[in-house]
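A short worksheet on the structure shown next.
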Amino acid sequence: MTDHALRDDTTTPPPSGPAVLVGQIHTLIDQLQTVNLTGCSDAELVDVAVETERAIARLTFAGDRQIVEATERDLPRKTGHRSIIQFMTHRLRMANPGKRLEQTRATASFPDLTTGEPLAPAHPALAEAFAAGRVGSAHVHAVLDVLDQIPHAVAHDVQVAAEQQMAEIAVEHTPADITHLGARLLGHLDPDGTLADDADRQRRRNFWLNRQRADGTAKLNGTLTPELVARLEMMLAVWARPGMNNPHDAESPCGSIEDADPDQLAAAAERDDRSPAQLNHDAFNALLKAVFDDGMLGTSHRGLPEQLIVKADLNDLIREAGVATTATGTLIPIPDLIKLAADAQPWLAVFEDATAVPLYFGQGKRLATREQRLVSFARPDGESCSTPDCRVPAAHVEMHHAQIDWGDGEFTDITNLTPACTRHHHMVGNQPGQYTTRMVREGPDEGRCTWQLNVEPGAPPNPERINRRPDLPRRFAEHLKQVREEIHGPDPASGDETRLEIREVIGHQSEAPVNRGLSLKDLSPIELRCAALLGLNKI
């Protein structure tokens, strides 16, 4: 055999056993997705559905083993990823890598650091049921939530027995049942609550503001320590009383009940039809408003003023429709923004093509100015960190010199700056696992920053990526217009829109030109910039 033939043989090795098996799985799935189900009897169809769900659980368990192997081989670092979570998110495309990793650590077998021999899973009974497909991921997480609440003071053998009991429950019950039955088991393990100590309470404390839902509302979840419970209950006792802090009653007293006029409070209480939960909500909102108004948050956070900073589209303000975005990433309906701006002091970024503030400093400054921060936030991609798939909002980012580091000669000009969260900002460099960035200077992505994850020498390069966000309002308007034209034909109307008077927004608080009854369309670009940078009620 010639050397050339030998090289040809070694460059195309046959697929390994696991790769062949995965290929066979995909072949079977192709068939399963298109197989005719009408030939199944009712009983057989139920059995097929049950076994399909069992197969999904078993495949997940097999995938967890692969995550362990990838971790042991240090594949996240070799492929340029900083952590196993980042590897699972971007390379394996997992939707919830944190919970998946928690599941893996609980049910998968890791090798011994000394001998390399596989160790027993952290929860062996649960792992056995998961590997057999008798429980799924939702069951596993429900069991782990229960086991996490067992006090540390409970004896080890009792904890092992509890794990076996919960695994047995998981095989026969739904995840919701697991939570309910787990509470009963916890009550049996610590009936009088004496085993739970302050360390357990501190370990379980949390306070989560969940993501906004489609209507703009969000749920608040938390496990509070006794100290915070006491403070919160006292606040609600004096702020969440009927008649107090009612946003829908202009005569409702604001603040604490101790400072309210008794007659005014009594009259407001007669008109108050809010539920206890709504009273609590409005009291909490009023307290935070007082904190903002008193300046208790300080004067600056990462170069931005400690106020509500809101970015709104000019056309949305004119139409009084759509949503605005705050620097913390919150979406606010435009009508709510108008009411908010009438009695608050938000910074409203209404930007056009020109500017009346200095945004180019060359080497004269290293840190971005407040004006540059505001202009950056007002860009189409300025609402969050510019790293792809990162959603850290503008209020928590730094300004990154995207092309060259300032110390190497980069100018602190607005065209060179891009928002970057602290974690990704510190990951910029020329080593594997770090990012190389640059500003796009032309084309549809002009002004955006590209991020490229560096790999080890010899590895295939990762592509440059941009944190693009679809322009949903514009695209939806285009789709809606197309649908209406298909149904009704072209609209003969010229599309005149109701103009929003700025004086309605600022509440007649200024002698500036905007108080002369002018609309946003009547202002020059410079006046719009001034409005953005000085605050609506300070124009």
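Listing for the model above:
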read-out	value
Filter result (surrounded by 11 or more Cβ atoms within 10 Å (Cβ to Cβ) and either of a type in the set (D, E, K, R) or not assigned by TED's automatic domain parsing to the domain that holds Leu101 (or both)) within the stretch 38-52	Glu44, Asp47, Glu51
Hits in the stretch 209-254 (condition: part of a loop (DSSP other than H, G, I, E, B) and surrounded by fewer than 12 Cβ atoms within 10 Å (Cβ to Cβ))	Asn210, Arg211, Arg213, Ala214, Asp215, Thr217, Lys219, His248, Ala250, Glu251
Selection count, the stretch 74-120, where residues are within 25 Å of the chain's Cα centre (by Cα) and either farther than 27 Å from Ala459 by Cβ or outside the structural domain of His139 (by TED's automatic domain parsing) (or both)	5
Any chance Asp148 is over 30 Å from Asn454 (Cβ atoms) and out of contact with any helix residue (DSSP H, G or I) (no Cβ under 8 Å at 6 or more places or on another chain)	no
Single residue of the stretch 443-467 satisfying the filter (among the β-branched types (Val, Ile, Thr) and closer than 20 Å to Glu398 by Cβ) that is surrounded by the fewest Cβ atoms within 10 Å (Cβ to Cβ)	Ile466
Test for Ala106: is it modelled with pLDDT of 90 or more and in a loop (DSSP other than H, G, I, E, B)	no
Residue match in the stretch 123-133 (condition: surrounded by fewer than 16 Cβ atoms within 10 Å (Cβ to Cβ) and not in a helix (DSSP H, G or I))	yes
Residue count for the stretch 160-172, restricted to those that are farther than 11 Å from Leu147 by Cα, surrounded by 17 or more Cβ atoms within 10 Å (Cβ to Cβ) and either not assigned by TED's automatic domain parsing to the domain that holds Ala132 or not β-branched (Val, Ile, Thr) (or both)	1
Residue that is more than 33 Å from the chain's Cα centre (by Cα), in a helix (DSSP H, G or I) and either at positive phi or of a type in the set (Val, Ile, Thr) (or both), where the choices are Val158, Val154	Val158
Condition check for Ala199: part of a helix (DSSP H, G or I), among the small types (Gly, Ala, Ser), modelled with pLDDT of 85 or more and farther than 30 Å from Thr330 by Cα	no
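The values are calculated or read from the model by the stated rules, or taken from the named source; none is laboratory data. What you are looking at is a predicted structure, and each value in this text was computed from that prediction instead of being measured. Cβ sites come from the backbone with ideal geometry, for glycine too, and all protein chains shown count toward neighbours.
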